[in-house]
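These notes are about the structure you will find just below.
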Amino acid sequence: MDHPLVQGIHKALGWSDVSPLGQAFARGRLPEASLCQRLMTPTRLLDILMRRSLEPPQLRCFQNGDELHPNDYLRSQANRRRQNIRIVDSGAMTSLLDSGVTLVLDALDTFDPTMEVATRALQWWSHELVQVNAYLTTRSSSGFPIHWDDHDVIVVQLAGEKSWDVRSSSRSVPMYRDAEPNPIASEESVWQGTMKPGDVMHIPRGYWHQATRDGNRDPVSLHLTFGFVKRTGVDWLAWIADRAREIELFRCDLTRSRLQEDREEERRRLEAAAIELLKTYPPASYLRTRERLQPPARQAPHFPSPQEPAAVVCVTEFAPEIEREDQNVVLYAGGKRIAVKKKAESALALLLSGRPVNLATVSAETGIDIRPLARILVQEGTCTHLTGESFSGYTGLVTTEAF
């Protein structure tokens, strides 16, 4: 899927592909600053907040480095059945924004079509699951104290300015669940400066960082943080352990025999079987299997109709994989294996491009009726119907296929 955010990241950071992700700090500027307004604006973010029932930790507010209690910005509202839901208190939030606050909304891609499409494009590019969080700061309020993340991040400044202090890691490639804690911030400065609209920054996992707005005159700052949780050798070993459940030897109880020769014989058999497992399932096999089996994210349900959908789009978490087998073309995506005739390969590639596809127009221009194939892909969850709302996430960003 071609997306201007991916292209902009390449140009801003001087990358030709995804391989530098997680390797070193990088900073640059989007070639098209107008992309910022298309991705998200402060007013659009506030509109999202007011139309949903949100709870911490998905929605959080910070003031001068301290997290506020949810009662400071949420209120309970009873419906006619006296069921209470919590929503953003408009008056309280307005007061906080006026006095200075940092508002954090996690997983913005689950609420906004544009963010959903951008996040999917980054997943196809990086081969990793991605989450985007929004950080809206007013006045000179401070957000999080200096900290490190257990994932790589790409920061895109959309509005206003924000000052950053980025430092090196104090523990090499730390993890969320690790062998030892990592509580002491590094003193080695990597970069200190101000991010302005259109600026992009890549912070690898474990690098300490902090964003502030002390003395900044801009009333509002908004940036997006795209988090990439890359797979590690620990993840591979955990996957190998699950494969071991398929082998009877590993399902057997460990011996508690007092005889040394019994314990040694068990060790040799388990060790040999474990080595064979490691050879049978290399890291590349794990990564490939993970992408093939990853189920699709949430999709909007569609009404059953005797009519074909006007347009569809591929919505798998990772780019679908296609293999040629004899007279068939086999698709692996979203935990499904779908075989189609080779003559449908060009139509399949079109439907799996990640771009919106108008079925009637493409069928007329190519002379191939792709609607039956599209129906199968929708039924299997590989593609979904496009509505006016979901199509808005592509408008002006992703090239459409005869839409």
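Read-outs: derived from the displayed coordinates by stated rules, not from any lab. No experiment lies behind these values; they were computed from the predicted model shown. So basically every Cβ, Gly included, is an ideal-geometry build from the backbone, and we count neighbours across all protein chains shown.
In region 172-215, which chymotrypsin sites (Phe, Trp or Tyr not before Pro) are in a loop and have at most 13 other Cβ atoms within 10 Å, using DSSP for the loop call?
Qualifying residues, ordered by number: Tyr176.
Using every pair of alpha-carbon atoms in region 6-94, split the distances into 5 Å bins beginning at 0 and state the percent of pairs per bin, rounded to integers.
Calculated over all Cα pairs of region 6-94, the distribution is 3, 11, 15, 13, 11, 11, 13, 11, 6, 3, 2, 0 percent.
For the chain, count all C-alpha to C-alpha pairs, find those more than 42 Å apart, and express that count as a whole percent of the total.
That tail contains 25 percent of the Cα-Cα pairs.
Do any trypsin sites (Lys or Arg not before Pro) in region 205-288 lie in a DSSP loop with no more than 12 other beta carbon atoms within 10 Å, and if so, which?
Arg217, Arg245, Arg256, Arg258
Exposed loop GluC sites (Glu not before Pro) only (DSSP loop, at most 14 other Cβ atoms within 10 Å): please give the longest stretch of the chain free of them, not including the sites.
Longest run free of exposed loop sites: 247-403.
For region 261-274, take each phi angle, set θ = phi - 60°, evaluate the Karplus expression 6.51 cos²θ - 1.76 cosθ + 1.60, and give the result in whole Hz per residue in order, putting x for glycine and proline.
Values per residue, Gly and Pro as x: 5, 5, 5, 5, 5, 4, 4, 5, 5, 5, 5, 5, 5, 5 Hz.
How big is the dipole moment of the chain about its Cα centre under a simple scheme where the beta carbon of each Lys and Arg is +1, that of each Asp and Glu is -1, and everything else is neutral? Debye, nearest 20, please.
So the dipole magnitude of the chain works out to roughly 720 debye.
In the chain, if the dipole is taken from +1 on Lys/Arg beta carbons and -1 on Asp/Glu beta carbons about the Cα centre, which of Pro372, His69, Leu13 is farthest to the positive end?
The one lying farthest along the dipole's positive direction is Pro372.
If you average the sequence gap of Cα pairs under 8 Å that are 6 or more apart and divide by the length of region 4-228, what percent do you get for the contact order?
Across region 4-228, relative contact order equals 26 percent.
Give me a comma-separated list of calculated 3J(HN,Hα) values for region 73-88, in order, Karplus coefficients 6.51, -1.76, 1.60 applied at θ = phi - 60°, integers in Hz, x for any Gly or Pro.
For region 73-88, the Karplus-derived couplings read 9, 10, 9, 8, 10, 8, 8, 5, 9, 6, 8, 9, 10, 9, 10, 5 Hz, x marking Gly and Pro.
How many angstrom separate the Cα center of region 278-301 from the Cα center of region 73-126?
Result: 30 Å between the Cα centres.
Taking a cut-off of 24 Å between Cα atoms, list the lysines near Lys279, but don't count ones fewer than 8 places away on the same chain.
Lys230
Which loop-located trypsin sites (Lys or Arg not before Pro) does region 317-394 contain, where loop means any DSSP state but H, G, I, E or B and the Cβ has at most 10 other Cβ atoms within 10 Å?
Answer by residue number: there is no such site.
With 10 angstrom as the radius, rank Met50, Met1 by how many other C-beta atoms surround their C-beta, starting from the fewest.
By the 10 Å Cβ count, ascending: Met50, Met1.
What ranking of Met93, Met175, Met40 emerges when the number of other C-beta atoms within 10 Å of each C-beta is taken as an exposure proxy, fewest first?
Met175, Met93, Met40
Give me Ile184, Ile322, Ile370 sorted ascending by neighbouring Cβ count inside 10 Å, so fewest comes first.
Ile184, Ile322, Ile370
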